[in-house]
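Beneath this line is the structure, given in structure tokens, with notes to follow.
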């Protein structure tokens with residue numbers, strides 16, 4: 001299903017380095033740092049006297065040809081020193097404008113990792129952040145995190161790429177029949193597990209501690225973190241988790257394997273492949289760009305149901321063994337500390353305000369009358385804008401997709417006894433006219449120019465995150481105390497005036513919508 005995880009990763013990694021006769025890393029004074037792994041040697045670039053960055057490191061065999069729509073396979077070790085000074089192309093994706101640069105560079109051979117370390121020393125035992133990028137699971141890349149300021153705070157930063165869209169999530173009856181366990185799909189999640197296994201085997205050589213790994217992501221990346229927390233195959237691969245603006249279910253009902261196989265057959269038809277026993281072989285033989293064309297047709301012409309096709313969790317029975325809601329209620333989440341939160345305004349409804357009545361009825365189901373009353377949808381009136389949470393349609397959209405799923409996840413995870421900290425980002429990014437999806441990213445990762453007049457508290461966000469990555473608790477004595485999420489549902493508001501503790505974020509509305 002994925003690359004097998006080695007027992008005792010730190011000891012084994014160091015043993016392999018010594019057995020191979022290679023040093024774990026060249027001295028910090030070298031112009032071209034070289035690190036030795038079991039698969040071969042890598043040449044990176046120095047970032048400071050002790051720090052270095054290595055880009056485009058393969059963690060699995062290229063998923064092309066006969067490996068398309070198969071679990072990630074082990075690498076073939078290379079001979080000599082591999083250049084690791086340039087990032088690999090992003091995973092193949094269709095362009096819709098915002099991702100045009102990634103789409104132009106995208107490639108099917110894309111299972112690579114970037115690592116930035118502040119101290120290239122195998123004895124450093126530094127905490128590690130593994131970042132899973134967002135992009136609705138069909139677009140995006142993670143380079144901005146590789147080049148963020150987090151490594152300057154003593155954190156080894158790892159960014160991973162994983163198959164996207166139809167290449168990462170296709171299910172099909174014939175794919176299922178060729179699989180030993182009779183299922184298909186969720187190859188992207190298998191990629192992420194393989195990348196985490198790579199981290200366990202190799203991160204010590206870069207100065208990281210495999211026992212102190214935090215896996216984090218934003219949007220679809222946060223959803224994937226939530227699903228990894230529920231996947232048995234990912235147990236023990238990380239000690240902490242951060243979900244920023246995304247949950248295991250994204251507020252949507254999951255799809256069954258049979259439903260996803262039906263979509264797969266529709267996709268094959270749109271790609272021009274007949275429904276026969278040979279259609280998977282034919283699909284594997286098609287140029288990857290033609291698959292993207294068929295994927296776009298599937299999204300725009302076949303579904304037409306306002307769903308985000310690759311944001312619906314697929315219960316394949318292998319990685320996602322049951323609906324996320326059931327797994328969370330049953331206490332099946334990984335025993336790790338968790339930060340989870342959202343922006344005050346994320347993404348508005350795809351339709352206009354006139355459809356909000358229908359969205360409330362559909363989204364809240366049997367609880368829709370109670371939701372209408374809480375929203376003030378009485379006497380034929382429609383509530384107006386909120387200064388913090390935005391338009392009424394924005395409020396409904398974000399309650400359904402972000403805030404309430406985060407509340408359910410926090411409730412269920414805290415119920416297992418694991419520590420949880422919840423937040424809401426209530427300040428717009430620098431230069432933005434309003435709070436938006438991803439508003440916190442520049443504040444946390446330090447990629448935005450600092451404006452002391454309005455961003456005086458911004459370093460606090462980085463410190464909270466770094467503290468959590470180091471210890472599993474975001475607090476330190478110099479910061480306003482971020483209360484742990486418990487029965488009274490405490491959370492931290494990151495406002496334009498600094499961090500402010502709050503309680504019961506949208507508690508009445510979210511009590512009507514108990515799903516991740």
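The numbers here are math on the coordinates, done by the rules we state, and not lab data. All values derive from a computational prediction rather than experimental measurement. Glycine gets a Cβ as well: all are built from the backbone with ideal geometry, and neighbour counts include every protein chain shown.
By the beta-carbon count within 10 Å of each Cβ, the least crowded to most crowded order of 47, 146, fewest first, is 47, 146.
Potential lengthening of the chain between residue 433 and residue 357 amounts to 24.6 nm, from the contour at 0.36 nm per residue minus the alpha-carbon distance.
For the chain, relative contact order (Cα pairs under 8 Å, six or more residues apart, normalised by length) works out to 13 percent.
The protection proxy used here, the mean number of other Cβ atoms lying within 10 Å of each residue, ranks peptides 128-139, 408-419 as follows, highest first: 128-139, 408-419. With contributions of -39500 (n - 2.57) from each DSSP H run of at least four residues, the per-residue ellipticity at 222 nm computed over the chain stands at -8000 deg cm²/dmol. With coordinates expressed along the principal axes, the C-alpha atoms belonging to the stretch 335-510 extend over 50, 41, 21 Å, beginning with the largest. Beta bridges from DSSP with both residues in the chain: antiparallel share about 40 percent, rounded to the nearest 5. A straight line joining the Cα centroids of the stretch 82-141 and the stretch 177-250 runs 15 Å. Over the stretch 57-182, what relative contact order in percent results from Cα pairs under 8 Å that are six or more residues apart? Over the stretch 57-182, the number comes to 26 percent. Taking the number of Cβ atoms within 10 Å of each Cβ as an exposure proxy, the fewest-first ranking of 218, 497, 125 is 497, 125, 218. For the chain, the spread of Cα coordinates along the three principal axes comes to 78, 65, 41 Å, biggest extent given first.
The mean sequence distance of close C-alpha pairs (under 8 Å, at least 6 residues apart), as a share of the length of the stretch 9-244, puts its relative contact order at 20 percent.
Note on the stretch 335-510: antiparallel DSSP beta bridges, both residues inside, total approximately 45 percent of the bridges counted.
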